[in-house]
1. Can you find even one residue in region 311-331 that is closer than 23 Å to residue 192 by Cβ, in contact with a strand residue (DSSP E or B) (Cβ under 7 Å, 6 or more places away or on another chain) and in a strand (DSSP E or B)?
2. Where in region 80-159 are the strands (runs of 3 or more DSSP E), entirely inside, with at least 2 residues that are over 20 Å from residue 66 (Cβ atoms) and at pLDDT 95 or above?
3. Out of (1) surrounded by fewer than 21 Cβ atoms within 10 Å (Cβ to Cβ); (2) in contact (Cβ under 8 Å) with a residue 24 or more places away in the chain; (3) in contact with a helix residue (DSSP H, G or I) (Cβ under 8 Å, 6 or more places away or on another chain), what's the single condition that is false for residue 282?
4. Going through region 249-261 one residue at a time, which ones are touching a strand residue (DSSP E or B) at 6+ places or on another chain (Cβ under 8 Å) and in a helix (DSSP H, G or I)?
5. If only one of 252, 204, 264, 218 is touching a residue at least 40 places away in the same chain (Cβ under 8 Å), touching a helix residue (DSSP H, G or I) at 6+ places or on another chain (Cβ under 9 Å) and within 23 Å of residue 169 (Cα to Cα), which one is it?
6. Looking at region 189-219, which of the residues that are under 16 Å from the mean Cα position of the chain (by Cα) and buried (at least 23 other Cβ atoms within 10 Å of the Cβ) is nearest to residue 242 (Cα to Cα)?
7. Can you find a residue in region 274-281 that is over 16 Å from residue 339 (Cβ atoms) and not in a loop (DSSP other than H, G, I, E, B)?
């Protein structure tokens, strides 16, 4: 097992990464400070792992909320079902919520924890690659709105993150590849050596080689923890973690939540961001092509939906959380491993990226 620390002063917490961690009470119980626990999971994960987590929590009042599976259920209605369960079972301010599932479950549970009685503790037990390398770390929680992804939420840090690599053995291949998009992101934004390694080892990761997976998760979490420690509430540098996300969120919203997986939309968005960076002369054509090539080799979409128009993109990107005072800010690249947040780009170049459509040739 490897342990990393997210350094946030009195809100610091550990990330445990390894195989067979679900059954280890020494990782979970020290982070439960009251006598009540509510496990939030979904209908896909519950049959696989719920019994094991309940067994670890057998000495507590342990209640369960089982949500429907899918991005389309990342809503205020789902959060309200958690509140109903907490109130019905008379959970108090010392309760601990446990998120057992992927990014949707983690985001919903964290948001419910941030809101219930003005804030209670929660623990992240992510069961997908995307949630283990990205969404479980950093304290971003929330739900979607019909007009925009993750537009309702709060910053609320977990007590710990327990990333059991064995849970990835039951993950569908499409979900595994979608999670790999967020892994590629870390190489592109701040870790060129990691990107080099991914180019050579992506097959091992996507084949669920446990050694390669553990390294991938550890390196990704280490990169994210370093960025979050500098900028917990995304007032500056943390926004680089959103490479491809402004484009990607527009795709998810336009196509209906869940039709394109988050990682799939981010993959296409990263190709668009690299394309725009090259058009601006900020990165070389070779680097833009290199970025796209790894995304394609990983079996991820490298092009946006054919039926999305430039106007659709602009309308949806206009409500992105990175828009400030009416100015659209994008995460772009100066090199592989060097991302910047900028609104200083030519609108004509952005129009050319949209116009490139399915070809996205630089």
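1. yes
2. Here the list reads 140-145, 148-155.
3. Of everything listed in (1) surrounded by fewer than 21 Cβ atoms within 10 Å (Cβ to Cβ); (2) in contact (Cβ under 8 Å) with a residue 24 or more places away in the chain; (3) in contact with a helix residue (DSSP H, G or I) (Cβ under 8 Å, 6 or more places away or on another chain), residue 282 misses just condition (3).
4. Matches in region 249-261: 249, 251, 252, 253.
5. 264
6. Only one residue tops the list, namely 189.
7. yes
The values are calculated or read from the model by the stated rules, or taken from the named source; none is laboratory data. Note that the structure is a prediction, hence the values are computed from the model and not measured. Reconstructed Cβ throughout: ideal geometry from the backbone, glycine too, with neighbour counts over all protein chains shown.
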